1. Tally up the residues in the range 97-109 that are open to solvent by 40 Å² or more (accessible area, probe 1.4 Å) and either aromatic (Phe, Trp, Tyr) or modelled with pLDDT of 80 or more (or both), please.
2. Would you say residue 159 is assigned to a helix (DSSP H, G or I), of a type in the set (S, T, N, Q), touching a residue at least 12 places away in the same chain (Cβ under 8 Å) and over 22 Å from residue 18 (Cβ atoms)?
3. Has the range 17-36 got any residue that is outside any loop (DSSP other than H, G, I, E, B), over 24 Å from residue 168 (Cα atoms) and open to solvent by 20 Å² or more (accessible area, probe 1.4 Å)?
4. Give the residue that is least open to solvent (accessible area, probe 1.4 Å), with candidates limited to residues of the range 63-84 that are touching a helix residue (DSSP H, G or I) at 6+ places or on another chain (Cβ under 6 Å) and within 21 Å of residue 31 (Cβ to Cβ).
5. Only one of these is within 18 Å of the chain's Cα centre (by Cα) and closer than 25 Å to residue 6 by Cβ: 69, 127. Name it.
6. Considering every residue within the range 50-62, establish whether at least one is of a type in the set (Val, Ile, Thr), at pLDDT 95 or above and in contact with a strand residue (DSSP E or B) (Cβ under 7 Å, 6 or more places away or on another chain).
7. Taking the range 186-228 as the search range and keeping residues that are open to solvent by 30 Å² or more (accessible area, probe 1.4 Å) and of a type in the set (Asp, Glu), which one is modelled with the lowest pLDDT?
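The values are calculated or read from the model by the stated rules, or taken from the named source; none is laboratory data. Not measured: the values here are computed from a predicted model. All Cβ positions, even for glycine, are placed from backbone atoms using ideal geometry, and neighbour counts span all protein chains on display. Ligands, DNA and RNA are stripped out before the accessible areas are found, and what is left, the full protein with its side chains, is counted by its heavy atoms. Shrake-Rupley method; radii C 1.70, N 1.55, O 1.52, S 1.80 Å.
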Amino acid sequence: MYGVRRILAVVDTRKEQHLALNRAIQIAKATDSSLHILAANPKPTPESMERLVELGRLAEADGIETSSHETWRSNVIETIIHVRQAERCHLVVKDHQPESFLEKTLKTPVDWTLMRKSRVPVLLVKHDRPYNEQNILATINADPDDAEHQLLNMAIMKNAQAACQPFAGKLNMATAYPTVMLATQNHLDGKSDREHYQDNCAFFANDYGVGVENIHVRPSPAETMIPSLAKELGIELLIMGTHARTGISAVTLGNTAEQLTRHIECDLLAVQSRHHMMPLERELEQ
């Protein structure tokens, strides 16, 4: 949520409950941001338009500068991407959309595609519990030999810090490392791989205000460690990075953030390396 000044909330006017809109309103109030509400609807009706107006009034009642419209392009993802760009929004907030096994097998889930294509962070909302003074978890790849992940780690931590500040949240940081590396010492300095992961975490913790007691380094696959730790700590918001894989690599590997959407009970904020630079680019443009 680093550099957020305008938020895009994606809603479905057919629903009675609007988790994404409620969350977007909460964030807009906390960050003094404006809000644009999008109803991606291929067949708008007078009733759906009236419902959208009512949703806009809810946000305005909280003193938030709000605009909205109902539109459609070729599909829901293209609609979101187009409106996000046209409205110059810095964060997309959307209800998590569960996919059946059959849907996942036959096509890429909508949420996965959005995380890959979005040029700004995407917040997938699963609950309506407030973030205020709650545990927030940032997960990084602390492998000291993986330079490619360092920019992504910076984007994760910058957004995690920005998410904590307006809500007085407690920031936790976690990394998983392969169990087969537990006893290896191949760095010629006498340290185990776990110690090197711990040291790398400490570097980020020092820069982003994470207490030593809130660093979690565990020998386990990330796909199993993160849901378990999130449940253990009572996490309300999880911040993860995505490499936005496409093509064959996306089909065979996917991203950890994508794979975890169905296994966690908290909200998920997905960021990419480029999301760290975009707020700085906006400042330079001004």
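1. Selection size over the range 97-109: 4.
2. It is true that residue 159 is assigned to a helix (DSSP H, G or I), of a type in the set (S, T, N, Q), touching a residue at least 12 places away in the same chain (Cβ under 8 Å) and over 22 Å from residue 18 (Cβ atoms).
3. For the range 17-36, residues outside any loop (DSSP other than H, G, I, E, B), over 24 Å from residue 168 (Cα atoms) and open to solvent by 20 Å² or more (accessible area, probe 1.4 Å): absent.
4. Only one residue fits best here, namely 64.
5. 127
6. No, the range 50-62 has no match at all.
7. 189
Conditions tested, residue by residue: (1) open to solvent by 20 Å² or more (accessible area, probe 1.4 Å); (2) touching a Lys or Arg at 6+ places or on another chain (Cβ under 7 Å); (3) closer than 14 Å to residue 139 by Cα; (4) at pLDDT 55 or above.
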position: 235; (1), (2), (3), (4): no, no, yes, yes
position: 249; (1), (2), (3), (4): yes, no, no, no
position: 256; (1), (2), (3), (4): yes, no, yes, yes
position: 262; (1), (2), (3), (4): yes, no, no, yes
position: 267; (1), (2), (3), (4): no, yes, yes, yes
position: 270; (1), (2), (3), (4): no, no, yes, yes
position: 281; (1), (2), (3), (4): yes, no, no, no
position: 284; (1), (2), (3), (4): yes, no, no, no
